[in-house]
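So the structure is just underneath, and the comments pick up after that.
The values are calculated or read from the model by the stated rules, or taken from the named source; none is laboratory data. It should be emphasised that the depicted structure is a prediction, and the values quoted were computed from it without experimental measurement. Counting neighbours? That spans all protein chains shown, and the Cβs are built from the backbone with ideal geometry, glycine included. Just so you know, the surface numbers come from the protein's heavy atoms only, side chains and all, with ligands and any DNA or RNA stripped out. Shrake-Rupley method; radii C 1.70, N 1.55, O 1.52, S 1.80 Å.
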Amino acid sequence: MQEDLELYQYLRSVSCCQICCLRFLNGRADDFLNVDEGLKKRNLTSNEEENPPKKLRENLCVACLGLFEPARLDALLEQVRNSSDFKAYDCQFFNSSISLPIVLHLRQLSLWLALLERFPARYDRNSPAPDVAVKDALKAMLNRKLEDVLGKPFSVHGVSVNVFFEYGGEEAELGVLKQVKPEVFVNRKANKHCRKEFITRNAFERHFTPTTVCWELFRKHVAVPPAVQDEGLKLEKISFSGPTVFLAGRYNKISRELSQTPWILDGKRKMENSVQEIMAKVVAPYFGVADQSLIFSSSGREDVDVRCLGEGRPFVLEIPYAFKDYLKESAAEEMEQAIDASKLISIKDLQMVERDELVHIKQGEEDKRKFYRALCVIDEPVTATTLAALNIAEPFTIEQWTPLRVLHRRPLLARPRTIYSVKAFASQANERVIVVDVVTQAGTYIKELVHGDFGRTKPSFTSIIGRAIDIHALDVMAIDLDWPKRLRRKE
């Protein structure tokens with residue numbers, strides 16, 4: 001196509017490398033990896049003698065500043081392959097992150113304006129950027145090459161290869177922007193919210209576009225097309241960071257002397273251990289991280305003196321910067337057994353999950369139902385009348401003010417809560433004991449539902465039966481959440 005040929009020849013004449021030419025010709029990863037084929041598909045040629053540009057100059061590319069030079073990319077790949085830091089990760093996948101100097105945005109804008117003037121029928125000010133972004137093109141190439149070099153597939157869930165480039169002339173090239181749009185930089189240093197950089201990437205993209213700059217002023221201070229430079233980009237450093245992985249499962253809390261998370265008050269531990277810490281000490285070593293770095297979440301929580309029985313409470317362990325991105329079945333089984341050996345908690349269904357599954361833990365939290373069994377005591381023998389009063393099949397609503405026992409850490413609020421059903425049974429072992437099964441809306445304070453909290457919960461079991469009743473022990477029997485997937489390893 002003649003238009004593509006003219007564009008290609010112009011870009012080559014102003015010292016754009018062939019990959020950058022393909023960026024302006026809507027190239028894709030395959031084109032960037034095989035330039036000859038990419039040009040042939042467009043009826044162009046990589047042989048400059050067949051379609052010689054008018055002013056061919058073999059200089060450093062004005063668009064990418066040498067970023068796409070084969071020797072530069074090969075050196076980068078070799079550095080990753082031989083890195084002892086990378087070899088420390090036992091990951092099945094890799095990811096990549098690239099940091100490029102902002103000056104490449106300035107050079108793109110300069111070329112953009114040059115193309116608007118040179119090819120007015122092809123481009124206009126309001127059209128999208130005329131090229132595939134430098135970073136996108138590099139990632140497309142780099143990820144393909146890294147897959148071959150590392151023998152691992154690309155995935156956003158893998159170990160991240162972080163590549164940082166720098167440019168020695170950046171400060172000088174960007175400094176002229178003060179003359180192009182001085183209002184962007186007024187009082188920037190005095191603004192505590194501004195970063196130390198001369199200009200951020202977001203600020204450049206917002207204030208410097210073909211529709212927001214004065215072309216005459218831009219041309220006065222910035223070379224259009226960009227000027228050729230002798231020194232190009234340099235590889236500043238390569239670093240590696242492990243992925244964040246998520247482990248989900250269900251736990252049963254057997255002890256009545258165990259908090260869910262570390263209980264520290266005024267700098268002092270109130271309990272020696274917690275559900276979270278028991279899990280973390282077992283799980284963290286497998287992923288090569290410190291136990292304190294794990295983040296624990298669950299579908300609700302129980303008090304220190306409350307057991308969690310039945311199928312257990314769904315939980316998630318978030319593990320940042322992990323050195324593994326997978327969980328072997330045998331390792332999961334060993335973790336479950338080691339945690340069970342604590343005799344304080346037991347876990348099941350341990351498995352890796354994706355980040356987007358975490359919505360199950362918190363989404364619609366107040367709409368979930370919780371199933372409890374309470375061991376209650378009254379001051380005289382249980383009667384049939386008392387049991388009848390506490391067998392309630394129809395849902396009813398209570399109003400609970402923040403309980404006195406948690407008022408020091410929770411705001412004073414009146415909360416309506418639904419009680420879906422109540423079933424009461426007399427105890428054969430003790431004539432003053434009532435076993436109550438209650439199904440409630442999540443967020444209901446069960447202890448206060450029983451004794452009334454000095455009238456702060458209405459109605460309460462106390463007001464329903466017309467006499468004092470207190471709770472001796474409480475168990476969570478079920479959580480209304482069918483997640484994560486049940487694996488049944490222990491059956």
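R0 = 30 Å: FRET efficiency of Ala384 with Met271, Cβ-based, nearest 0.05?
0.10
Past the 32 Å Cα-Cα mark, which pairs from Lys145/Lys328; Lys281/Lys362; Lys139/Lys220; Lys135/Lys220?
Lys139/Lys220
At a Cα cut-off below 12 Å, give the aspartates and glutamates reachable from Lys324, other chains included and same-chain residues fewer than 8 away excluded.
Candidates past the 8-residue exclusion: Asp90.
Net charge within 11 Å of Tyr167 by Cβ-Cβ distance, Lys/Arg positive one each and Asp/Glu negative one each, not counting Tyr167 itself? Walk me through the intermediate numbers first.
Working: positive: Arg107, Lys234; negative: Glu166, Glu170, Glu171, Glu173, Glu231, Glu236.
Neighbourhood net charge equals -4.
I need the Debye-formula profile for the chain: one equal scatterer per C-alpha, no solvent, reported as log10 I(q)/I(0) at q = 0.13 1/Å, two decimals.
The computed values of log10 I(q)/I(0) come out as -1.15.
Where Lys and Arg each count +1 and Asp and Glu each count -1, what net charge lies around Asp367 among other residues with Cβ under 15 Å from its Cβ?
In short, +2.
For the range 359-491, rounded, prolate or oblate, judged on the Cα gyration tensor with a ≥ b ≥ c (square roots of eigenvalues), a/c < 1.5 rounded, else prolate if a/b > b/c? Mind showing how you got there, number by number?
Working: a/c = 2.00, a/b = 1.26, b/c = 1.59.
Oblate shape, in that a/c is at least 1.5 and b/c is the bigger or equal ratio.
What does the charge count around Trp215 come to, taking other residues whose C-beta lies under 14 Å from its C-beta (Lys +1, Arg +1, Asp -1, Glu -1)?
Every neighbour counted, the sum reads +2.
For the range 365-422, what class follows from the C-alpha gyration tensor (a ≥ b ≥ c being the square roots of its eigenvalues): rounded when a/c is under 1.5, otherwise prolate if a/b is larger than b/c, else oblate?
Because a/c hits 1.5 or more and a/b fails to exceed b/c, the range 365-422 counts as oblate.
Report the FRET efficiency, 1/(1 + (r/R0)^6), for Ser97 and Arg301, where r is their Cβ-Cβ distance and R0 is 25 Å, rounded to 0.05.
0.10
In what order, largest first, do Met279, Met1, Met352 sit by accessible area if the probe radius is 1.4 Å? Don't skip to the answer; put the middle values down first.
Details: Met279 0, Met1 120, Met352 65 Å².
Putting Met279, Met1, Met352 in descending order of accessible area: Met1, Met352, Met279.
So how much accessible area does Asp148 have, in Å² to the nearest 10, using a 1.4 Å probe?
It works out to around 130 Å².
Between Ile392 and Lys281, how many nm apart are label points set 7 Å from Cα along the C-beta direction?
Result: 4.2 nm between the two label points.
List residues of the range 350-381, by number, whose backbone nitrogen lies under 20 Å from a label position 7 Å along Cα→C-beta of Lys423.
Residues passing the 20 Å test: 369-377.
What base-10 log of the normalised intensity I(q)/I(0) is obtained for the range 120-272 from the Debye formula, alpha carbons as equal point scatterers, at q = 0.09, 0.11 Å⁻¹?
Values returned for q = 0.09, 0.11 Å⁻¹ are -0.60, -0.77.
Hey, which aspartates and glutamates would be in cross-link range of Lys368, C-alpha to C-alpha under 20 Å, not counting anything within fewer than 8 residues on its own chain?
Glu302, Asp303, Glu311, Asp356, Glu357, Glu394, Glu399, Asp437, Glu448, Asp475, Asp480, Asp482
Whole angstrom only: what separates the Cα centroid of the range 71-147 from the Cα centroid of the range 213-268?
18 Å
According to the square roots a ≥ b ≥ c of the eigenvalues of the Cα gyration tensor, what is the shape class of the range 68-191, taking rounded for a/c under 1.5, prolate for a/b larger than b/c otherwise, and oblate for the remainder?
prolate
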